[in-house]
1. Taking only complete DSSP H runs, can you tell me which helices of the chain stretch 18 Å or more along their own long axis by Cα positions and average at least 0.0 on the Kyte-Doolittle scale?
2. Assign unit charges at the C-beta atoms only (+1 for Lys and Arg, -1 for Asp and Glu), then state the dipole size of the chain relative to its Cα centre in Debye, rounded to the nearest 20.
3. Could you tell me the largest-minus-smallest coordinate of the C-alpha atoms of the chain on each of the three principal axes, in descending order and whole angstroms?
4. Give me the extension gain from Asp27 to Ser109: residue separation times 0.36 nm, minus the current Cα-Cα distance, reported in nm with one decimal.
5. Give me the one-decimal nm value for the distance between modelled label points at Ala81 and Arg49, 7 Å along each residue's Cα-to-Cβ direction.
6. Grab the Cα-Cα distance for Ala101 and Ala177, subtract it from 0.36 nm times how many residues apart they are, and report the gain in nm with one decimal.
7. Report, largest value first, the span of the C-alpha coordinates of the range 80-184 along each principal axis, in whole Å.
8. Which part of the range 16-45 falls in the paramagnetic zone of Gln155, meaning amide N under 17 Å from the point 7 Å along Cα-to-beta-carbon?
Amino acid sequence: MSYEFREADHEAEFEQIRRLNHRAFADELGQHPPSPDGRLVDDREARSRYFVALCGERVVGMVCASTTPPFSVESRLPGTAILDSFPQPHCEVRLLAIEPAHRNTLVISGLLLCLLRAVLEQGAGTLLISGVAGRVEMYQRLGFRPLGPPVPQGQAAFVPMALRLDELPQLVRRGVARDQRRTS
C-alpha cells in the first residue's frame, strides 16, 4: 500500500480524524463512552496540529501535537514540578490512532517522522505523552521515560511519559534527517 504523510488541512480529513478517534478511544480502548454519531471531538482540537496517514483519500492513521499548556498529561502526574527538569518548550503528543488493518505497517513510522520533523522545526525540547499502559515498552524503545504510575481513565490506563529531544535515539534522528532531505 502507498501512504501519504502530512499535516491535516481539510475539513473532510478532520471529520475522518474524529471518527477514527471514536473507533480507537471509545470503541477499542474504552477511554470514552461511545457516542451515537460515532465521532469523538478532541477538546484540544483548536490548539493542536494533526498529522495524518492517508491511503488514497482515507485517513488511516493520525497523531496530534500541541505546545500550548496546560497539557493533559499534567492531570496524570502527582505534581507538575517534575516537568521543570525537562528542556523547554514542551510539546504534548496525543491521540495516536491507526486503523487495525494498517497497524504493523509503515504508518506508525511515517506519522512519527512527520510529527518529529514539525516539532523539531518548532524548536521543542521535550515530548510529553500519556502512553497506553499496555504499550509502555513500545514508547520506551522510542526513548520515552515514565514519569509516574499508570492512571486509569475509563476502561484504559495511561502512563505519563517524557522524551528529551536532545536524547532522541540515533536511529530516530537518522530517520528524521533522511525524511527532511526527501521533503526539502
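1. Details: long enough: 107-121 (21 Å, 2.05); 170-183 (20 Å, -1.44).
Sorted by number, the helices that extend far enough and score high enough are 107-121.
2. Working: 22 positive and 22 negative charges, 123 e Å.
It works out to roughly 580 debye.
3. Ordered largest first, the chain gives principal extents of 42, 41, 29 Å.
4. Working: separation 82, 0.36 × 82 = 29.52 nm, distance 2.40 nm.
Between Asp27 and Ser109, full extension yields 27.1 nm more.
5. Label-label distance for Ala81 and Arg49, simple model: 3.3 nm.
6. Values: separation 76, 0.36 × 76 = 27.36 nm, distance 2.84 nm.
Contour length minus Cα-Cα distance gives 24.5 nm.
7. Sorted from largest, the Cα extents of the range 80-184 read 42, 38, 19 Å.
8. 21-36, 38-40
Since every read-out is calculated from the coordinates, none of them should be taken as a lab result. The model shown is predicted, which means the values in this text are computed figures rather than measured ones. With ideal geometry, Cβ positions are generated from the backbone for all residues, glycine too; neighbour counts draw on all protein chains shown.
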